[in-house]
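Asks: Structure incoming, see below.
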Amino acid sequence: MSLSQGLRANNDAGYSPSVRVGLDVSGFARQLVEPETMFREISLDVEWKYNHFVAVEAGLLDIDVQKQTHRYMAGGYYLRLGPDFNVLGRKPEAPNDLVLLSLRYGFSKLDHEAPFILIPDPYWGDFQTAVDSESYSAHWIEAGISLKTELGYNVFIGWSLRGKLLLYNTREAEMEPYFIGGFGKTGRNTGLMLHYHIYYRIPFR
Amino acid sequence: MAFHNKPGFAFRRIFFVLSGIIFLCWACQEDEICEDITANDLRIGFYRIGQDHDQWAVVDSLRVFSLEQADIPVHEHLTSVSVLELPLNPATDNCAFVIDFYPITDTLWLTYQRETQFISVECGFTMFFELTGINHTNNHIVAIEETTTYVTNTLDEHLKVFIPDPGNGDEPQPGFTGK
């Protein structure tokens, strides 16, 4: 039985383990709106059992803002790891289209600094200050839903929407970072992020 | 087989439509108004002592100036005042204001911790404050109650300032109250 015939069986007997590598294109879109911010993320997920996936996502963050009133720089990395479960019935004609429920554990570490800060104040006068480089880390959990569809020839596109809950972040930081890579903007313990991906699936056999 | 008849096309069509709607909603964010989201004034509400703590009092008129810059009024000739906004000094950990209730004046001393906060790429930085101490004279102000110690870019009321109820003949004994 060929691989494609096995997949069209639409049951465990037709299941074939595979690896899917992906690229988050949200960062490229965000950079169109905010050229100073750069996010790059790749992902790897493995269907270790029929409809059961384990995924790892890794990314880099780089921010360099230079304006008349401020200069802010940040750089770091993040990781997310967790399971996905497909809840969509897999039809023989589209066996790789998925609707996934996802859980993730995330970690991020970054260094940031603000060598020039000017805070305007119409009464007291403009106040100039700076913040030296400091490290910052955060841990969080995520839950959400994602959708992946095969365009053809093992190429997929998909989007995911996840709610996030911050579990831990660096205490006594002199300055809260503008953005925690993989989590989102700071200021709240919860967040919601939308991602767009393209993938390539590599069957094991 | 035509493309639209190919299996899975409906799924992909739903995907693209949903994606477009979601992306459109996400992209259509309101422009930031930097002055609004970087202004972090201390917000004081006036209340009559002995009356409902949820109902503002109305002060006929007042003016405010700081001890550090007495020649530059913060507010001048305000009338029908229920809520007063005072700018905390971002360069120091303390400041003081004189509130002139015409003709009685009171001085309010404030100490706080400062935290630099990055708002956005366009708006830059602002200063958040956490109140650590409040002292005041008692010439007209009877008492001050802290509602919240964090002074950020929200519209929260931070202090309740209690002044006498003229109907009850309440008048504070001149003096000083510290916290």
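Asks: Let me know the Rg and Dmax you get for the stretch B:105-167 when you use only its Cα atoms, in Å.
Replies: Over the stretch B:105-167's Cα set, Rg and Dmax evaluate to 15.1, 53 Å.
Asks: Which whole number gives the average count of other chain Cβ atoms within 10 Å of the Cβ atoms across peptide A:111-121? Could the numbers behind the result be given before it?
Replies: On the way: counts 0, 1, 0, 4, 0, 2, 6, 2, 11, 8, 10.
Mean number of neighbouring Cβ atoms from other chains: 4.
Asks: Which residues' amide hydrogens lie under 5 Å from the amide hydrogen of B:SER82, considering only partners 5 or more residues apart or on another chain, with H built in the peptide plane?
Replies: Under 5 Å from the amide H of B:SER82: B:VAL59.
Asks: Would you pull out the residues with amide H under 5 Å of A:GLY182's amide H, same chain only if 5 or more places away, H placed 1.01 Å from N?
Replies: Distant-sequence amide H within range of A:GLY182: zero hits.
Asks: After finding the eigenvalues of the alpha carbon gyration tensor for the stretch A:17-203, what semi-axes result from the square roots of 5 times each, listed largest first in whole Å?
Replies: So the three semi-axes of the stretch A:17-203 are 38, 16, 13 Å.
Asks: Could you give me the ³J(HN,Hα) list for the stretch A:189-196, computed from phi with Karplus coefficients 6.51, -1.76, 1.60 and θ = phi - 60°, whole Hz, x at Gly and Pro?
Replies: 8, 10, x, 9, 10, 10, 10, 10
Asks: Report ³J(HN,Hα) in whole Hz for each residue of the stretch A:158-169, in order, from the Karplus equation J = 6.51 cos²θ - 1.76 cosθ + 1.60 where θ = phi - 60°; Gly and Pro get x.
Replies: Along the stretch A:158-169, the couplings run x, 9, 9, 10, 9, x, 10, 10, 6, 9, 8, 8 Hz.
Asks: From the alpha carbon gyration tensor of the stretch A:60-143, can you work out the equivalent ellipsoid semi-axes (sqrt of 5 times each eigenvalue) and give them in Å, largest to smallest?
Replies: Values: eigenvalues 397, 45, 27 Å².
Ellipsoid semi-axes (Å, largest first): 45, 15, 12.
Asks: In nm², what is the average projected area of the convex hull enclosing the Cα atoms of the stretch B:41-178?
Replies: One quarter of the hull surface, i.e. the mean projection, equals 8.8 nm².
Asks: Treat the stretch A:12-67 as a sphere of radius equal to its Kirkwood radius over Cα pairs and apply Stokes-Einstein at 10 °C in a medium of 1.306 mPa s; give the translational diffusion coefficient in µm²/s, rounded to a whole number.
Replies: D = 119 µm²/s.
Every number here is computed from the coordinates shown, using simple stated rules; none is lab data. Fair warning: this is a prediction, and the values are worked out from it, not measured in the lab. Glycine also receives a Cβ, built like all others from the backbone with ideal geometry; neighbour counts cover every protein chain displayed.
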